[in-house]
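One structure is given here, and the rest of the page talks about it.
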Amino acid sequence: MLPGLLQGIETGGLLIIQDSSNYSGRDLLKSFITAALNREEVVHVLCFDVSEEELRDRLKPLDTQRLHIHNAYLDPLGWTAHPAFTVQQFNSKDLTDLIRQTSQQRPATLVIDSLSWILRHATAPAVCRTLQQLRKGGAVRAIIGLLHTDMHQRGTVGSVCHLATSLISVAPGVKGNEAVARITKRSKSGKVMQDEEIFCITEDLAVTVLSTSCHPEPKPTNTEEEQADPTANLTFNLRLSDSELEAKQKLTLPFVFSKEKKTALLHPGPGSGRILYEPDANDDYDQEDPDDDLDI
């Protein structure tokens with residue numbers, strides 16, 4: 001599945017590479033940049049985590065003609081007079097204008113290195129909203145983002161990864177030059193495919209898959225059948241037999257109106273609604289002034 005993703009991400013797709021302090025996913029991110037450039041795509045990179053020189057390292061000079069790096073490493077918060085790119089510009093409007101200035105009318109692939117830096121200075125809902133707007137805006141063909149999962153809470157990681165059409169979680173392998181990629185791909189029909197592949201990256205940023213094991217989407221389980229029966233070990237029976245159930249259905253409850261009562265209420269006869277009052281012997285009733293108690 002990893003070679004298939006390197007061959008191209010679907011239009012409107014969002015690929016997130018998840019790494020940690022145990023293994024960096026930046027070389028794999030560069031492999032995706034190289035693959036996109038080899039397909040003659042225009043690539044825009046938001047560079048927050050590393051310098052532009054470090055990002056260009058091992059990229060072929062010919063490929064960089066269609067590579068546009070927006071350097072936010074030197075001044076990410078805009079403290080100088082003329083910053084190249086700041087985190088405040090991570091919104092749909094500014095990014096669309098920035099890409100269309102250099103990409104002409106051709107949709108570009110947007111690479112974010114990294115989403116973790118942006119999430120340190122913007123809320124997760126704002127970042128998710130921007131990613132969703134970029135996917136549907138037309139200026140961006142696909143988005144590839146690097147996310148350091150051990151820098152954020154689980155809810156933040158889950159919110160961002162929920163938008164992704166493809167997820168690649170990388171971890172160190174057994175040997176020094178090997179790594180393990182756990183891949184989750186979601187199709188538009190809702191089908192989910194999972195793979196686990198052992199790979200290595202060569203000096204020219206080519207990805208070689210050494211072994212793979214497929215994990216198809218787990219079948220939905222019937223939770224009602226798996227759940228233990230709470231009435232199994234009781235000393236009395238809570239279930240009804242067929243005869244008891246039939247008798248229960250025939251029982252007329254006292255608070256349920258019969259058909260005759262409903263008819264009488266909905267179609268009252270003559271004289272209905274009158275109030276009949278019989279005076280009591282102890283009633284204090286004065287015919288001369290009935291409202292005498294209201295005088296002040």
Whole-Hz ³J(HN,Hα) for each residue in the range 153-164, computed from phi via Karplus 6.51 cos²θ - 1.76 cosθ + 1.60 with θ = phi - 60°, x for glycine and proline: what do you get?
6, 4, x, 5, 5, x, 5, 6, 5, 5, 7, 6
What do you reckon, how do C128, C47 stack up by accessible area (1.4 Å probe), largest on top?
C128, C47
Heads up, I need the accessible area for L210: 1.4 angstrom probe, whole protein in place, Å², nearest 10.
90
Report the normalised scattering of the range 53-209 as log10 I(q)/I(0) at q = 0.11, 0.14, 0.17, 0.19 Å⁻¹, calculated by the Debye formula with identical scatterers on the alpha carbons.
-0.53, -0.89, -1.30, -1.50
All Cα pairs of the range 1-50, percent lying beyond 15 Å
52
Please give, to one decimal in nm, the separation of the simple spin-label points placed at S243 and Q101, each 7 Å out from Cα toward the Cβ.
8.8
Portion, in percent, of the accessible area of the range 108-167 that falls on carbon or sulfur, probe 1.4 Å
51
Under a 1.4 angstrom probe, counting protein chains only, how are F236, F90 ranked by accessible area, largest first?
F236, F90
Compute, for the range 14-157, the length of the dipole vector about the Cα centre, with Cβ point charges of +1 (Lys, Arg) and -1 (Asp, Glu) only. Units Debye, rounded to 20.
600
Can you tell which of L37, Q7, Y23 lies farthest toward the positive end of the dipole of the range 1-56, using +1 and -1 charges on the Cβ of basic and acidic side chains (Lys, Arg; Asp, Glu)?
Q7
What residues from the range 68-106 fall in the zone where the backbone N is under 16 Å from a label point 7 Å along the Cα-to-C-beta line of E53?
71-75
In the range 64-201 the DSSP beta bridges are antiparallel at a rate, in percent to nearest 5, of 75
dims of the range 1-132, Cα set, principal axes, largest to smallest, nearest Å -> 39, 38, 30
Karplus-derived 3J(HN,Hα) from phi for the range 182-198 (6.51 cos²θ - 1.76 cosθ + 1.60, θ = phi - 60°), whole Hz, x at Gly and Pro, runs 9, 10, 10, 10, 10, 8, 5, 7, x, 6, 10, 10, 10, 10, 10, 10, 9
For V209, tell me the accessible area in Å² from a 1.4 Å probe, rounded to the nearest 10.
50
For peptides 198-207, 73-82, sequence by mean Cβ density within 10 Å, most packed first:
198-207, 73-82
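The values are calculated or read from the model by the stated rules, or taken from the named source; none is laboratory data. On a predicted model such as this, the values are computed, not experimentally measured, just so you know. Using ideal geometry, Cβ is built from the backbone for each residue, glycine included, and neighbour counts are taken over all protein chains shown. Protein only, heavy atoms only, side chains kept; ligands, DNA and RNA dropped before computing areas. Shrake-Rupley method; radii C 1.70, N 1.55, O 1.52, S 1.80 Å.
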